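The structure under discussion appears below in the form of structure tokens.
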Amino acid sequence: MERFDPMSPTAIQPLAPAGYRLRLPGPTFVPERVLQANAQLVVNHRGPEFRAALARAEAGLQPIVGTKNRILFYAASGSGMMEAAIVNVAGPGDELLIVTHGQFGERFATIAQAVGAKADVLATPWGEDIDIDAVEARLREKDYRAMVVVHNESSTGIVADLARLGALLRERRTLLVVDSVSGLAGIEMKQDEWGVDILVSASQKALMCPPGLGLASISPKAWEVINGGGRLPAFYWDFRRALASTEKGETPFTPAVGLVAGLLEALDMIHTEGLPNVLARHARLANALRAGGAAMGLTDFGPGKRKSSTVVVFDVPAPLDGAAIVRELYQRHRTVIAGARNRLSGKVIRIGTMGAIDPDTIYTDLAHLEDVLPGLGHALTPGAGVAAARAYLG
């Protein structure tokens, strides 16, 4: 381990090498203007300046979430917000229906088990669309406190049909709890219209900010349950405490002040472009990457039809190994994509298509893939991937 030298130069030492390209499905590349905003002078988190910033952030997020609810802010990761969603609705004798269709749905089940909630898991085969009829059949069997689902499953590239899932619960007491960490601001979200009762998300994906800022939006139906008692114990994650502070223009605990400043810049970028345009751009560029991949012999993972706009998951053709592709892209081009840290390890590669990206981003991804794949034993026609993406984008 390198020893820390207190007498070394005080200039900021870069974390990444020159040419580093962050192309993960989160965290994502942070635009320069957002980085500059994050570096502003830290202000009093109980003062008028930060209250004004929180109010602006809430106003900018509400149309992206598709809600009139108050937005609760936490200094937290996406997983922290997932735990918050569970502990605020799960009672010791109440059962949750957790609908999984990938790694992060399974994480919800793991969190529920860890905090002592009772969970009934309905597992969808990875890469397939959620079977709405199977969900409805399970809902007829029990009176669940909540149904829990991941909006955009970034491990498989499949999007849940929240409109149909919400419709199943409209006349039931069961709440709909949704993680949209990797979906929000890149895939359409209509919380109020679709009947999503608790929506949690985080800053480091399509919101174009560094990690560390979590958010939640709670429906009136969910507040009745939360305020009704009989929940698992919570202190930091207690939504009631967060709402009480929000109504005073504050957060209950020290917030990520700099990240809120950066979020304001990101929100300004989104609304200047126009939210419909942002969502259309994400879908168009994700499909262009898929078209380019197909021209190189890389197919989408799984048979599901509801493909993500914020992550593309490619099957890795035998005898290639996904980890080798990830490694070669970094070593040759400093392009950082993801493999899988689960049952798909070595079998897929995942590339983020969220945030501040444009056609040139996709062309570069494909050019780098075209460069490394032949050396790993995969035959392709040079230039075919980039040409196919250009043709798709017109």
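Miscellaneous remarks
- In terms of packing, defined here as the mean over residues of other Cβ atoms within 10 angstrom, the peptides 193-199, 364-370 line up highest first as 193-199, 364-370.
- For G355, nonlocal amide neighbours, meaning residues 5 or more places apart or on other chains whose placed amide H falls under 5 Å from its own, do not occur.
- Antiparallel DSSP beta bridges within segment 32-271, as percent of all bridges there, nearest 5: 40 percent
- Candidate cross-link partners of K248 among the lysines, defined by an alpha-carbon separation under 17 Å and a same-chain spacing of 8 or more, are absent.
- Average accessible area per residue (Å²) across the chain - probe 1.4 Å, nucleic acids and ligands excluded: 43 Å²
- Judged by the gyration tensor of its Cα atoms, with axes a ≥ b ≥ c, segment 182-265 is oblate; a/c meets the 1.5 cut and b/c is at least as large as a/b.
- Among 314-326, 228-240, the peptide with the highest mean count of other Cβ atoms within 10 Å heads the list, and the full ranking is 314-326, 228-240.
- The label point for A18 and the one for A39, both projected 7 Å from the Cα toward the Cβ, are 1.9 nm apart.
- DSSP beta bridges in segment 174-260 [antiparallel fraction, %, rounded to 5]: 55 percent
- Farthest toward positive dipole pole in the chain [+1 Lys/Arg, -1 Asp/Glu at C-beta], among L344, V159, T272: T272
- Out-of-range pairs (alpha-carbon distance over 24 Å; input K68/K118; K221/K307; K142/K221; K68/K221; K190/K347): K68/K118; K221/K307; K190/K347
- Rough spin-label spacing in nm, given labels placed 7 Å along Cα→Cβ, for A134 and R51: 5.1 nm
- Summing Lys and Arg as +1 and Asp and Glu as -1 over all other residues whose Cβ lies under 14 Å from the Cβ of S245 gives a net charge of +2.
- Translational diffusion of segment 1-101, µm² s⁻¹ [Kirkwood Rh, Cα pairs; Stokes-Einstein; 20 °C; 1.002 mPa s]: 114 µm²/s
- Of the residues E273, E250, E141, ranked by 1.4 Å probe accessible area with the largest first, the sequence reads E141, E273, E250.
- Ordering of 375-383, 260-268 by packing [mean C-beta count within 10 Å, highest first]: 260-268, 375-383
- What a 1.4 Å probe finds exposed on the chain is 54% carbon and sulfur by accessible area, rounded to a whole percent.
- Whole-angstrom Cα spans of segment 222-319 along principal axes, big to small: 54, 37, 25
- With Rh defined as the Kirkwood radius, the inverse of the mean 1/r over Cα pairs, the Rg/Rh of segment 274-393 is 0.95.
The values are calculated or read from the model by the stated rules, or taken from the named source; none is laboratory data. Please read all numbers here as calculations on a predicted model, not as lab measurements. Methodologically, a virtual Cβ is constructed for each residue, glycine included, from the backbone with ideal geometry; neighbour enumeration extends over all protein chains shown. Please note that ligands, DNA and RNA were not included when accessible areas were found on the heavy atoms of the full protein model with its side chains. Shrake-Rupley method; radii C 1.70, N 1.55, O 1.52, S 1.80 Å.
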